[in-house]
Structure formats: structure tokens, C-alpha cells
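Only one structure is covered here, and it is reproduced in the block below.
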Amino acid sequence: MKIPGATLILSGLLLAGCSTAPAPDEAPPPPDVKSVPEDACGAQTVGSLVGETLTDARYQEIADRSRAETLRVLEPGKGYTMDYRSTRLNIKVDKQRKITDLACG
């Protein structure tokens, strides 16, 4: 009597293995991507200041002349996030506070 019950369970499992899976849902459409101007942060506008010493007045000049939403000063030996923001202007300086690079990010 146990054999027919076991056979019934086994055959049910084998038949379940033959069933097809439901079709997957369609992928959602890709999100709209806003186009960003090539120099959205104004780095090219203030690029002539590379080599100058970064003072409070120079920082304010960069803020006024660039189109950057935010400014970030990158000092040697400090840690920074690696996230990219096209409208943020990174001001890279050396130990003497001389501007060595101006770039979006």
C-alpha cells in the first residue's frame, strides 16, 4: 500500500518538472537622461587661474565667474567621495594652496 502512494507522489513531482515557467515581465523603459553641457561647471571659463594661489578672494572670484552649482577644494592627503557631479567644480591645490587643476566633477 505504501508503494502506490510513493509512486503517486513521485509521478506528481516528475510532472511538475515538465511544466513551463511563466513568461517574464517586459523590462521597464530606460529613464530619461538629461543632456549636460560639456562645461557645465565652468572649468574652462576659470581655467586661466591655474597656477594662482587660492585665497578667499580667489575662491569667491571662481564662484562668481564659473557656472558651478558647488565648489570643492581638493587638498593633498585628504579623502574625498568619488561621485561625479557635472555641475560641481573641483579646485585641486598643492600644499602651498596653488591651483593645479580645475575640473568638473
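Counting only residues that are surrounded by 10 or more Cβ atoms within 10 Å (Cβ to Cβ) and either in contact with a Leu (Cβ under 7 Å, 6 or more places away or on another chain) or at pLDDT below 70 (or both), which one in the stretch 15-47 is nearest to Glu69 (Cα to Cα)?
Step by step, filter the stretch 15-47, then rank; the result is Cys41.
Report, by residue number, each residue of the stretch 82-105 that is under 13 Å from Glu38 (Cα atoms) and either charged (D, E, K, R) or exposed (fewer than 13 other Cβ atoms within 10 Å of the Cβ) (or both).
If the condition is that a residue be under 13 Å from Glu38 (Cα atoms) and either charged (D, E, K, R) or exposed (fewer than 13 other Cβ atoms within 10 Å of the Cβ) (or both), then Arg85, Arg88 are the ones that fit.
Mind checking which pairs have a first residue in the stretch 60-80 that is loosely packed, with under 14 Cβ neighbours inside 10 Å and a second that is acidic (Asp, Glu) and modelled with pLDDT of 95 or more, Cβ under 8 Å, 6 or more apart or different chains?
As it stands, the answer is Pro76/Asp94, since those pairs meet every condition given.
Anything in the stretch 61-105 that is closer than 14 Å to Gly47 by Cα and part of a loop (DSSP other than H, G, I, E, B)? List them, or say none.
If the condition is that a residue be closer than 14 Å to Gly47 by Cα and part of a loop (DSSP other than H, G, I, E, B), then Ser66, Arg67, Ala68 are the ones that fit.
The values are calculated or read from the model by the stated rules, or taken from the named source; none is laboratory data. Computed from a predicted model, the values in this text were never measured in an experiment. Neighbour counts run over all protein chains shown; Cβ positions are idealised from the backbone, glycine included.
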